[in-house]
Ligand code: DGL
């Protein structure tokens, strides 16, 4: 068996690098390939049909690059395309390969953490509308009340690199105060990009509300998954390769990507469709 395969990580942009950072910290020896569809970011308000189409292109790309498993770091993709990809696309075209999302790990942890059974979720519009967080909570505990808040202004602000400005604090307060009023005791940051705002959000929320950032938990879930699925784990190479692909501007990706990944990255530009 050749052991030169990789773990693929897919996101609409470079927010998923924050999740990758967590994964690499927990599982440093494996090979990784990151794909950010920065030419078409944000995904947050796109239709389910378009999200499925973009995700299929990303899946084709990463599996052809010899990935054995793909983590959809993007919540919007995990909410709107993952199930169809797992149930239809992969069984038909890549029957031995796997794709995993980020919604279930966040929900499982929130169920453990909440004491008063009131949980807030901040996410993109399409993630909120998909009701995927509500569905996953109800599978585990029907008595938990979920308060969702779509935050459409956050990703564009982060994508332009304006996270150090006062503007973002004002925008955050507007999104978060209504959740505090609902007396939530746990908040899920249900978007790749929001992890980088964790400290700012904590300042607004205070110490009594627990914040769940996916970069902390997805890595542990993946570790556990690979331990239970040795047939996949055994195929992944341990040459510690980190390869980064972007559909958009390489320079911007390298500069902003460093903020999320925490170290310098070298990015290669690719096309996922004929036009882009
Ligand atoms: N990656 C997306 C998510 O986690 C956020 C950025 C976007 O809207 O594309 O939902």
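Things to note:
- Residue count for segment 131-167, restricted to those that are part of a helix (DSSP H, G or I), in contact with a helix residue (DSSP H, G or I) (Cβ under 7 Å, 6 or more places away or on another chain) and within 16 Å of the ligand (Cβ to nearest atom): 7
- Counted residues, segment 191-208 - those being under 16 Å from residue 260 (Cα atoms) and within 16 Å of the ligand (Cβ to nearest atom): 8
- Test: residue in segment 12-32 that is within 25 Å of residue 224 (Cα to Cα), under 12 Å from the mean Cα position of the chain (by Cα), free of Cβ contacts under 8 Å to residues at least 60 places away in the same chain and part of a helix (DSSP H, G or I): no
- Index of the failed condition, residue 97 passing every other in (1) closer than 18 Å to residue 15 by Cβ; (2) surrounded by 16 or more Cβ atoms within 10 Å (Cβ to Cβ): (1)
- Selection within segment 83-126 - part of a helix (DSSP H, G or I), within 15 Å of the ligand (Cβ to nearest atom) and in contact with a strand residue (DSSP E or B) (Cβ under 6 Å, 6 or more places away or on another chain): 106, 125
- Residue 56 vs. criteria on the phi > 0 side of the Ramachandran plot, in contact (Cβ under 8 Å) with a residue 24 or more places away in the chain and more than 16 Å from the ligand (Cβ to nearest atom): no
- Filter result for residue 217 (under 20 Å from residue 146 (Cβ atoms) and modelled with pLDDT under 95): yes
- Summed over segment 38-82, residues that are over 22 Å from residue 122 (Cα atoms) and assigned to a loop (DSSP other than H, G, I, E, B) total 3.
- Taking the criterion of being over 13 Å from the mean Cα position of the chain (by Cα) and either within 30 Å of residue 152 (Cβ to Cβ) or within 12 Å of the ligand (Cβ to nearest atom) (or both), the residues of segment 59-77 that qualify are 59, 60, 61, 62.
- Residue that is in contact (Cβ under 8 Å) with a residue 12 or more places away in the chain, assigned to a helix (DSSP H, G or I) and over 27 Å from residue 40 (Cα atoms), where the choices are 226, 256: 226
The values are calculated or read from the model by the stated rules, or taken from the named source; none is laboratory data. Note that the structure is a prediction, hence the values are computed from the model and not measured. Virtual Cβ from ideal backbone geometry, glycine too; neighbours counted across all protein chains shown.
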